[in-house]
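For reference, the structure is listed below as structure tokens.
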Amino acid sequence: SVVITGMMTFQSASQEKKEKVSEMILSSITPSQLMDGKIIGYFVLGMVQVAVWIAIALPLIYWRLDFNILSYLLVPETLLLLVFAGAGYLLFAALFVGLGATVEDMATSGNFQGIVFMIPWIPFMLAAPVISDPEGMIARIASFFPLTSPGIMLLRLAMIETWPWLEIVISLLLLFVGTWLLMKLA
């Protein structure tokens, strides 16, 4: 979902710049309001998309596997995992809107776009060391870096018995600050 809505966000920001829509809109609002509105709008769009996927998937899982998945999802820990996922989603929405606004047109941004869309996949590249040692140095460092903390913390918290609450709080604070900074930078 991050990649799909990220592409839409990136392309929309670039397309509006090319068609001079931004200049018309900026005559009535500030650049900060424009970018914040885009970021929040695409964030909400992505959350609706994920909610629809879940609404379709849960009944299918329950029906086909005869597995009561809700008993595992409706626990207090899920709320913290949703906070990490939502904050990470907002971070990537801010990143894609900001980068999309810097691109002149989509035709010349092909290589750049490929690199940008690899960023959300970085936690998957670190998955093997984190799975082998969820309390190791790589896992801990990646937990504090805002671009990797949502994915790595979701993976770590799913694997360890006792949650490191100090690391969770620090990771969330860094994620929120990183998201805020990217929104302002956009």
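The values are calculated or read from the model by the stated rules, or taken from the named source; none is laboratory data. All figures in this text were calculated on a predicted structure; none of them were measured in a lab. Using ideal geometry, Cβ is built from the backbone for each residue, glycine included, and neighbour counts are taken over all protein chains shown. Remember, those area values only see protein heavy atoms, side chains included, never the ligands or the DNA or RNA. Shrake-Rupley method; radii C 1.70, N 1.55, O 1.52, S 1.80 Å.
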At a 1.4 Å probe radius, carbon and sulfur cover how many percent of the accessible area of region 40-186? 77
HN-Hα J couplings of region 117-127 from phi, Karplus 6.51/-1.76/1.60, θ = phi - 60°, integer Hz, Gly and Pro as x? 7, 7, 4, x, 8, 4, x, 5, 5, 9, 4
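R0 = 45 Å: FRET efficiency of I131 with W63, Cβ-based, nearest 0.05? Can you show the working numbers first?
Details: r = 30 Å, r/R0 = 0.67.
Efficiency, rounded to the nearest 0.05: 0.90.
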List, in order, the whole-Hz ³J(HN,Hα) value for each residue of region 41-57 obtained from phi through the Karplus relation with A = 6.51, B = -1.76, C = 1.60 and θ = phi - 60°; use x for Gly and Pro. x, 5, 4, 5, 4, x, 5, 5, 4, 5, 4, 5, 4, 5, 4, 7, 6
Selection from F96, L166, A142 lying farthest towards where the dipole of region 41-186 points positive, charges on Cβ: F96
What is the gain in length, in nm to one decimal, between S27 and V75 on full extension, counting 0.36 nm per residue of separation less the C-alpha to C-alpha distance? 12.5 nm
For 76-85, 57-66, ranked highest to lowest by mean beta-carbon neighbours within 10 Å, the order is 76-85, 57-66
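Taking every pair of alpha-carbon atoms in region 112-186, give the share separated by more than 19 Å as a whole percent. Each step should come with its number before you reach the end.
Working: 999 of 2775 pairs.
Result: 36 percent of Cα pairs exceed 19 Å.
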